[in-house]
Amino acid sequence: MATRNLSSWILTISVLLVTACQNQNLPVKISLQGEAQGTYYAISYYDVDNRNFQTQIDSLLHAFDLSVSLWVPESIISKVNRGDTTVDLDDIFRYNFLLSKEIAAATNGAFDFTIEPLVTAWGFGLREMATVDSRLIDSLKQLVDYRKVSLNDGRVIKEDPRISFNFNAIAQGHSVDLISKYLADQGVNSFIVDVGGEVYASDLKADRTEWRVGVEKPAEEKSEAQVIQLVVALKNKGLSTSGSYRKYHEVDGIRYSHTIDPETGYPVNHNLLSVTVMASNTAVADGYSTAFMVMGVEKSMELMKTLPDMEALFISAKPGGGYEIEMSPGFREMIRD
């Protein structure tokens, strides 16, 4: 009898030890929140070692701001815009520059990172909106042409020293990609990164279910609460939404969108309210969502036929009220209930 009790006790202890070891190998969900680039970040990931990367991610985002943030006076981009020809460029700046050139060429200038003079004139930069007239716009347009700048031997070359850069249309997406790469480099295989609405999701959750992301319904006013239009599954993709319904100035009853058309020099003025792009990485999705807001639905859909691994959703205002939704076939396949 004593022997049988001893055997039962040993078996119980063994089961408990095995269970404890198994639990130690289960991934733990870590959620981080913070502020960066004038907005928020929210990150969730599963890690068997229960590691908290908040400090490292904050440091990464700080270094990012020191490279391409227009709001940091001593950032690399601020120095370049002031005409400093001796500033040392880092990998972040070079990536933003080269990807911006690539997207600008692919969109025939609908995306143009030399648009900063126009952005500032319309009051979406560091200064209040200027008194805008056709003479001012025509003069500033002479400074907007991505073909007039290049990198040579680690230096920025400008045909006109007054040309200035604005990477805001891809920089936030790139920061998402950098955080995603950092997590992957630490051996984290399941994560979702959101910086101000730019999102990247890797693989599946720990329970093998999909990461799901909501796409906002366009709002009538800036102050309106966020309403989800639809939900999409996201796996090893970046997602970015550009819209004209949250960021705008209203002067004498006229709304001026923050999306500027480099060709005309004026804010876009059409019924397209938002574009959501899904792409291989978030910086690419970010850049093309901005370009598509300028190009409109028809031209964007045509261009997408030449762009592999890219899908898009377009939400437009109907003349009589309400919304019209158009999307690529691949985007439709990712919609979830």
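What's log10 of I(q)/I(0) for region 83-151 at q = 0.11, 0.13, 0.17, 0.23 Å⁻¹, Debye sum over Cα points only, no solvent?
Here log10 of I(q) over I(0) equals -0.33, -0.45, -0.74, -1.09.
Return the distance in nm (one decimal) between the two label points of a simple spin-label model at Lys141 and Ala105, each offset 7 Å from Cα along Cα→Cβ.
2.5 nm
Would you mind pulling out the separation of the Cα centroids of region 150-176 and region 72-138, in Å?
7 Å
Subtract the Cα-Cα distance of Val231 and Glu74 from 0.36 nm times their separation in residues, and report this length gain in nm to one decimal.
52.5 nm
As an exercise, use a Förster radius of 41 Å and the Cβ-Cβ distance of Ile335 and Asp91 to find the FRET efficiency, rounded to the nearest 0.05.
0.70
So what's Rg/Rh here for region 33-93, counting alpha carbon atoms and using the Kirkwood radius for Rh?
Rg/Rh: 1.11.
Quick one: in the chain, what % of C-alpha pairs are over 27 Å apart? Before the final figure, lay out each step's value.
Working: 28573 of 56616 pairs.
In whole percent, the long-distance tail amounts to 50.
May I ask you to order 279-289, 104-114 by the average number of other C-beta atoms within 10 Å around their residues, highest value first?
Averaged packing, sorted descending, gives the order 279-289, 104-114.
So how far apart, in nm, are the two label points at Asp185 and Glu263 if each is 7 Å from Cα heading toward Cβ?
Rounded to a tenth, the inter-label distance reads 4.1 nm.
Given the pairs Lys205/Lys235; Lys181/Lys305; Lys181/Lys205; Lys101/Lys158, which span a C-alpha to C-alpha distance of over 19 angstrom in this model?
Numbers: Lys205/Lys235 10 Å; Lys181/Lys305 28 Å; Lys181/Lys205 17 Å; Lys101/Lys158 13 Å.
Violating the 19 Å Cα-Cα cut-off are Lys181/Lys305.
Quick one: net charge around Ser328, please, counting Lys, Arg +1 and Asp, Glu -1 for every other residue with C-beta under 12 Å from its C-beta. Present the calculation step by step, with values, prior to reporting the outcome.
On the way: positive: Lys305, Arg332; negative: Glu302, Asp309, Glu311, Glu326, Glu333.
Once all neighbours under 12 Å are counted, the net charge is -3.
Using a Gaussian network model of the chain with C-alpha springs under 10 Å, which one of Leu61, Leu204, Leu136 is most mobile by mean-square fluctuation?
Judging by the Gaussian network model, the answer is Leu136.
Give a residue-ordered list of calculated ³J(HN,Hα) values for region 189-200 (Karplus: 6.51 cos²θ - 1.76 cosθ + 1.60, θ = phi - 60°; whole Hz; x for Gly, Pro).
Each residue of region 189-200 in turn: 9, 10, 7, 9, 10, 10, 10, x, x, 8, 10, 10 Hz.
Between Lys217 and Asn52, what is the label-to-label distance in nm when each label sits 7 Å out along the Cα-to-Cβ direction?
Each label point lies 7 Å from its Cα, and together they span 3.8 nm.
No value in this document is a laboratory result; all are computed from the given coordinates. Remember, it's a predicted structure, so these values are computed and weren't measured experimentally. Neighbour counts are summed over all protein chains in view; Cβ atoms, including those assigned to glycine, are modelled from backbone coordinates with ideal geometry.
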